[in-house]
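Asks: Sharing a structure with you now.
Computed from the coordinates by the stated procedures, all read-outs in this text should not be read as laboratory data. Values in this document were obtained by computation on a predicted structure and should not be read as measured data. Note: ideal-geometry Cβ built from the backbone for every residue, glycine included; neighbour counts use all protein chains shown.
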Amino acid sequence: MDNTPLAFTLVLAAALCHACWNLLLKKSGSASLGFVGLLASIETLVWLPIAFFASDLTSILTPVGLLAIAVSAMLHIAYFWLLTSAYGKSDLGVAYPIARATGPFLSGLFAIVVLMERPRPEEWIGACAIIIGSVLIGLSQGKQLSEVSWWRGIRLALLCGMTIAAYTVWDQQAVKHWELPVLAFYWGQLVVRSAICMPWMIKDGHELRVDFSRQWKGLLVIAVLSPLAYQLVLLAMTMAPLSLVAPLRETSILFAIILGSLFLKERNTGRRLAGAVCMVLGLGLITL
């Protein structure tokens, strides 16, 4: 039986979920390690029943498992902090596409420079398309290139993309080669993420209580959609080739720009969509 149509649907659903929780994260307006810890703590509680009943949590209590979880937790902390900081300086329709496209682009660059791989012609075209798309989106912010805030937002988004590349490679190593159960591994790193951020959560206790009372519904939705998007992609990868799943996943870039225009009233949607299409096509060429 051909499961490709189902995989197609799952990946598109994951892309929409990912764009939606990023919209809510942008609307929260918070960017601190305490806030990152608060999100991780909420996710830990929300996903505890599922992780407990659907996975063997004791399977991660090995030296390799604990090391994998600790490194993954630190990479995800850096990712969320850089992401929220980028949203504080840039539009959703700018920071999100640049962050999402940077990871695959850097992975390809690493393969060329370090592993001495020789890219196919379509991979060169894909890389150029990503660069063109990034320039179109970056220049759509409506700010002068000399403005410090413009560069700061772009820089934070690029750094965020680097953490995406890092945790993607590391997490894949953990679940594929070290054979750690996905749910147990993910929930374990949520616990460690919360523990690492605890000092900042205590320090920012009053502000976090205000944040939670003001937007607890949005935070709960983020806590559900963020892991859900990840799980849907993993499920789709068991049904269809990675060459289909990987580029299709990046349609979240298009969703994010549309959501930013509809709900945040961000401007220059046409130019950003053109840049996003270039990025998605470029990512498709690289991953085929």
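Asks: Gaussian network model of the chain, Cα springs within a sub-10 Å range: biggest mean-square fluctuation belongs to which of GLU207, GLU266, GLU43?
Replies: Maximum fluctuation in the GNM of the chain, among the listed residues, is at GLU207.
Asks: By counting other Cβ atoms within 10 Å of each Cβ, how are ASP91, ASP204 ranked from fewest to most?
Replies: Fewest to most other Cβ atoms nearby, the residues stand as ASP204, ASP91.
Asks: So which DSSP H runs in the chain come out at 27 Å plus along the axis (Cα) with average Kyte-Doolittle of at least 0.0? Please report the intermediate quantities before stating the final value.
Replies: Numbers: long enough: 4-28 (36 Å, 1.14); 33-54 (30 Å, 1.90); 63-89 (40 Å, 1.29); 92-113 (31 Å, 1.36); 148-172 (36 Å, 0.62); 182-203 (32 Å, 1.10); 205-237 (42 Å, 0.77).
Once both thresholds are applied, what remains is 4-28, 33-54, 63-89, 92-113, 148-172, 182-203, 205-237.
Asks: Report the label-to-label distance for GLU179 and THR62 in nanometres (one decimal), using points 7 Å from each Cα along the Cα→Cβ vector.
Replies: Those two pseudo-labels are separated by 0.7 nm.
Asks: State the extension gain, in nm to one decimal, for the chain segment bounded by ILE125 and LEU109, taking 0.36 nm per residue of separation less the distance between their alpha-carbons. Mind showing how you got there, number by number?
Replies: Working: separation 16, 0.36 × 16 = 5.76 nm, distance 1.34 nm.
In short, 4.4 nm is gained.
Asks: I've got another one for you. So what is the calculated 222 nm ellipticity per residue for the chain, using -39500 (n - 2.57) for each DSSP H run with n of 4 or more, over all residues, to the nearest 500 deg cm²/dmol? Mind dumping the intermediate values first?
Replies: Values: 11 runs with 233 residues, N = 288.
About -28000 deg cm²/dmol.
Asks: Moving on. Take every Cα pair under 8 Å in the chain that's 6+ residues apart, average their separations, divide by the length, and report that relative contact order as a whole percent. Intermediate results must be reported in sequence, preceding the final value.
Replies: Details: 406 pairs, mean separation 123.5, N = 288.
Worked out over the chain, it gives 43 percent.
Asks: A further question follows. Roughly how many nanometres apart are two label points built 7 Å out from the Cα toward the Cβ at ARG209 and LYS27?
Replies: Result: 2.6 nm between the two label points.
Asks: Under 21 Å between C-alpha atoms is the cut-off here; go through the chain and count lysine pairs that meet it, provided they're at least eight residues apart or on different chains.
Replies: 11
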